[in-house]
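Step one of this worksheet: look at the structure below.
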Amino acid sequence: MKSVIPVPLPNNPYEVVVATGGIDHLGSWLAGGAPLVKPGQKLLLVSNPAIFKQYGDRALASLTEAGYAVETCLLPAGERYKTLGSIQKIYDAALGFHLERKSAMVALGGGVIGDMTGFAAATWLRGLSVVQVPTSLLAMVDASIGGKTGVNHPQGKNLIGAFHQPRLVMIDPLVLKTLPAREFRAGMAEVIKYGVIRDRALFETLEAAPRLDQYRYLGDELLHTILTRSCQAKAEVVSQDEKEAGRRAILNYGHTIGHAVESLMQYRGVNHGEAVAIGMVAAGKIATALNYWTAAEEARQLKLIEKAGLPTQIPAQLNADDILALLQGDKKVEDGQVRFVMPKGLGDAFVTGDITHDTLLAAL
C-alpha cells in the first residue's frame, strides 16, 4: 500500500509518503523525477544505535545506490539527550564530513532524532535540507510533519528551536513491527488527538477497533488508515498556518499540561505520548466543566485513551502547584495567560486563554 499526502505550503511544499517497504526506496524517491536533493550530494544520516542497527544498513544501501555520499552520526536514545550537547555532536559530524549548502541531513529515528536533526539542519550553514524518516508511530503522525524542530531547556520542553520544513517525509509502516509496545501506545495518543480536534470519523474508527494498544492487533489496512488520516489532518492544519500564528495551535491539544508533566518528571518514567494522554484527560475535564462539550463526549475520550493502554492520572509524585508554576514558562503563554486547546465536541477544537486558576486546579 502507498499513499502520498501533499503539504502545500506556499514556499516550502513537500510530500509525506506512506509506503510499505519505503526505507528500501528512500534513495530513489529522494532522487526521483525532480530531485529533492541531487544525487552526488553529501548526506549526513542521524540516528540512534538501536534504530540504526535495525534499519541503518537498508537506508544506507538505498541512498548510496541512488548516488549519494553518506556519513552517519549516532546519538544516544531518549528525551533526556534532546539537548544542545547532542546538537553539538551533529555539528561536529557535519564539519568533519564537510557538508555544503547543497548537502542534506537525514533523520532516521523517532521524534527526538527528528527534532534534533531538523534543528541542526536549520542552523548549520544557515540552513540545510532535511529529510525525515520516522521510525515510531508518534514521529510518523506528528513530529516528522510540520517543520517544528528543537531541543529541551532544563526548565522546559522544546524551548529552543526553529521552524524548518523537511524536503520529504518517508513513512514505512513495516518498521512499527519492531517498535516496543509502550512506544506504539505513546504514538496512539497523538492519533486520538487528531480524532478529537479535527477528524470525528477517525475517532469513531478507533472506537470500532477491537484493540489499539499493540501493532499486531491493528492489521495493515487499519494501520494505513490511521497513518494517512493522521498525516492528512496535520498536513491540512500546517498548510493553513505554517508557523503557529493561529489555527495550528490546536495541534497542541493535551500538550500544555503534558509538557509540564514531562519536565517535572525530568523525562523519566513518563514518555511524551503518555504525558499527552494525561493532558488530554485534564483538558477534557475542563471542557466539560465549562460546557464546551458534554460529559458523554469526555467519557468517550477517556474510554478511548484507556483502550490504547495509556495513563489517565498525573503521576503521584507530582502536585498541582508545581504544574501550575511550570505552566507560566510554557511557549504558549500570551500576556501572562496560559493558552489551552479545548475540544468543542468531537472533531473540533479552539484555543482559549480564559481558563481560570480554580478551574485548572480542580482538573489537576
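The values are calculated or read from the model by the stated rules, or taken from the named source; none is laboratory data. Quick caveat: nothing in here was measured; it's all calculated off a predicted structure. Positions of Cβ are backbone-derived with ideal geometry, glycine not excepted, and every protein chain shown enters the neighbour counts.
Quick notes on this structure:
- Residue match in segment 265-283 (condition: surrounded by fewer than 19 Cβ atoms within 10 Å (Cβ to Cβ) and closer than 24 Å to Val4 by Cα): no
- Test: Ser103 is closer than 29 Å to Ile226 by Cα, in contact with a Ser or Thr (Cβ under 9 Å, 6 or more places away or on another chain), in the same structural domain as Val37 (by TED's automatic domain parsing) and touching a residue at least 40 places away in the same chain (Cβ under 8 Å): no
- Segment 109-146, residues that are over 17 Å from Gln232 (Cβ atoms) and either part of a loop (DSSP other than H, G, I, E, B) or not assigned by TED's automatic domain parsing to the domain that holds Pro49 (or both): Gly110, Gly127, Leu128, Thr135, Ser136
- Of the residues in segment 2-21, none is among the basic types (Lys, Arg) and either assigned to a loop (DSSP other than H, G, I, E, B) or within 19 Å of Gly111 (Cβ to Cβ) (or both).
- Scope segment 247-271; condition part of a helix (DSSP H, G or I), polar (S, T, N, Q) and under 14 Å from the mean Cα position of the chain (by Cα); matching residues: Asn252
- Flag for Gln132 being surrounded by fewer than 20 Cβ atoms within 10 Å (Cβ to Cβ) and either touching a helix residue (DSSP H, G or I) at 6+ places or on another chain (Cβ under 7 Å) or more than 28 Å from Thr20 (Cβ to Cβ) (or both): no
- Just one residue in the set Glu79, Glu71 is in contact with an Asp or Glu (Cβ under 8 Å, 6 or more places away or on another chain) and closer than 28 Å to Glu183 by Cβ; that residue is Glu79.
- Residues that are among the hydrophobic types (A, V, I, L, M, F, W, C) and assigned to a strand (DSSP E or B) within segment 60-85 comprise Ala69, Val70, Cys73, Leu74, listed in sequence order.
- Given (1) in a strand (DSSP E or B); (2) loosely packed, with under 14 Cβ neighbours inside 10 Å; (3) hydrophobic (A, V, I, L, M, F, W, C), index of the condition Phe350 fails: (2)
- The listed residue being in contact with a Pro (Cβ under 9 Å, 6 or more places away or on another chain) and not acidic (Asp, Glu), out of Gly279, Gly309, Gly284, Gly347: Gly284
- The condition of being over 29 Å from Arg211 (Cβ atoms), touching a Leu at 6+ places or on another chain (Cβ under 7 Å) and either acidic (Asp, Glu) or crowded, with 16+ Cβ neighbours inside 10 Å (or both) does not hold for Leu304.
- For segment 6-27, filtering for residues that are surrounded by 21 or more Cβ atoms within 10 Å (Cβ to Cβ), farther than 18 Å from Ala121 by Cβ and either of a type in the set (S, T, N, Q) or out of contact with any Phe, Trp or Tyr (no Cβ under 8 Å at 6 or more places or on another chain) (or both) leaves 1.
- Condition met for Ala50 (in a helix (DSSP H, G or I) and either within 22 Å of the chain's Cα centre (by Cα) or modelled with pLDDT of 95 or more (or both)): yes
- Set side by side, the residues Leu30, Leu99 differ, and just one is modelled with pLDDT under 95 and buried (at least 22 other Cβ atoms within 10 Å of the Cβ), which is Leu30.
- Hits in segment 182-200 - residues which are in contact with a Gly (Cβ under 8 Å, 6 or more places away or on another chain) and in a helix (DSSP H, G or I): Glu183, Arg185, Ala186, Gly187, Met188, Ala189, Glu190, Lys193, Gly195, Val196, Ile197, Arg200
- Within the set Ala325, Ala296, Ala275, the sole residue that is free of Cβ contacts under 8 Å to residues at least 40 places away in the same chain, in the same structural domain as Ala209 (by TED's automatic domain parsing) and more than 21 Å from Asn152 (Cα to Cα) turns out to be Ala296.
- For segment 245-265, a residue qualifies if it is farther than 15 Å from Ile314 by Cβ and touching a Lys or Arg at 6+ places or on another chain (Cβ under 8 Å), and the qualifying residues are Ala249, Ile250, Leu251, Asn252, Tyr253.
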